[in-house]
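Contents: one structure, followed by commentary.
Readers should treat all values here as calculations from the given coordinates under stated rules, not as data from a laboratory. These numbers were taken from a predicted model, which means no experiment stands behind them. Every residue, glycine among them, receives a Cβ derived from its backbone with ideal geometry; neighbour counts consider all protein chains shown.
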Amino acid sequence: MFDEHGTRALLGPEDPVRNVTVPAPHASALDVIAIADSRPAPAGHRRRLVLAAAAVAVAGVAISAYVVTRPDPAPPAPQADPDPAPPAPQAVPQPALRMGPVVRPAALQYNSDPPPAGAQLRALADRLAPAPVDSTSGRYSHIRTASWNAVFDDAPGGNTQIIRPQDKEIWYAADASGRVKVTPLPPVYPNEASRQYWERKGVPGTGTGAKVDDPPAGWAGPRQPLPADPAALAKRLGTERGAQSVFFSVRDVYTVHLIPQQTRARILRILADLPGVAWRGSVTDRAGRTGVGISVDTPDARELLIFDPSTGTLLAWDEVEKPADTVAGATLILVQEHTEQLG
């Protein structure tokens, strides 16, 4: 009788979970689904749409920078209230989204012959400044992403793809109960031929608007924080599986965790120790934010992570398929904060 290893050996490359490692038992179902569904499809296969918790965000689109509305000047202060209300907690500014029609890879400072990233990542980890999330407080963790995962058909002449982005927000309490809100965004296209095809045919609708769900405990977010111990954190990120897997894991944890300053520094040092990670220099993400990029290349794809050069917070992830130079998916981390407000 075949055990697990024998069955996987028989299936070989056709094993659907060949390169997937299930996290430790303390991980929530959200973590398991996010890791399993975010893995790239083998070359020559059709990519399937990720509908799980990991937000794979809008690549090749132009998304405006944060817009902060300044309040009108305050009126003269009234007489002191004997029982004043506590001040409202400060929220992280919400970005306004503006989509572009065609997806293109992000421009890199070092597009060819990039230097190794180790020294630069260690220097960034040593000088990290606090991020906005470090100064917020509240019952709920709130994370907002813009997301899509392209479905490409490798058949010759198949220039008819359409990409449907989504704006996703999660709020979750300590028991991982909370709220999930998913809003469809206008479609975008991987190339000009696809855009022209759908403009002639008529662009299909994008749905009826936001969908809001209030999952029970254990389903809106992770049950456990990321481990603080460097060795345990490295294991959680899957360093034994190689740099590409770690890039996916870093993307995954930033979409479901609010990551404190010390843990951000440890993640950067883990990435610095991985072989094959290249420094791409200054990169502007798809929300107009200037960051620093690192990449890992395989024969089939390039994975790119973009970090804030001051706080070390992950801003974005891109995956670009080779040799077509087509963006197959991306993630924008738009808001990370603690808040008292649910939704």
Compute the signed sum of charges (Lys and Arg +1, Asp and Glu -1) over the other residues within less than 12 Å, Cβ to Cβ, of LEU128.
+2
Lys, Arg +1 and Asp, Glu -1 on Cβ, resulting dipole of region 150-291 about Cα centre, debye, nearest 20
220 debye
For region 245-343, what is the charge dipole size about the Cα centre, in debye to the nearest 20, if Lys and Arg each add +1 at the Cβ and Asp and Glu each add -1 at the Cβ?
280 debye
Which net charge results for the neighbourhood of LYS235, defined as the other residues with beta-carbon distances under 13 angstrom from its beta-carbon, given Lys and Arg at +1 and Asp and Glu at -1?
+1
Fewest first, what order do TYR140, TYR254 take by the number of other Cβ atoms within 10 Å?
TYR140, TYR254
How would ASP285, ASP167 line up from fewest to most surrounding beta-carbon atoms within 10 angstrom?
ASP167, ASP285
Among LEU342, LEU332, LEU314, rank each residue by its count of other Cβ atoms within 10 Å, from fewest to most, as a rough exposure measure.
LEU342, LEU314, LEU332
